């Protein structure tokens, strides 16, 4: 059996259902232009108003505010890291641009 190819504008498969992402994400809104240096990839760059998010695995990403507002809802909880004491603050490796 070969791989099916769907081109832009062609009908998608039937039977779609709605799903909600289960993993929790921590987020903080940036108040200034920021660069985050990570050993995993190129530096992440965000502007004031963007959101810095960290997922349950510890991966960092920067999300523009409009996409964040459409995609995330606050649950009012703090740190979600399974390896840290929830009573301690959540340090993020952030370096503000000069």
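Just so you know, all these numbers are worked out from the coordinates, no wet-lab data involved. Everything quoted here is computed from the prediction, not taken from an experiment. When we count neighbours, we look across all protein chains shown, and the Cβ atoms used for this are built from the backbone with ideal geometry, even at glycine.
Put simply, the Cα atoms of region 23-73 extend 29, 26, 13 Å along their principal axes, the longest span coming first. Using the average count of surrounding beta-carbon atoms within 10 Å as a protection proxy, the listed peptides 62-74, 8-20, 46-58 rank, highest first, as 46-58, 62-74, 8-20.
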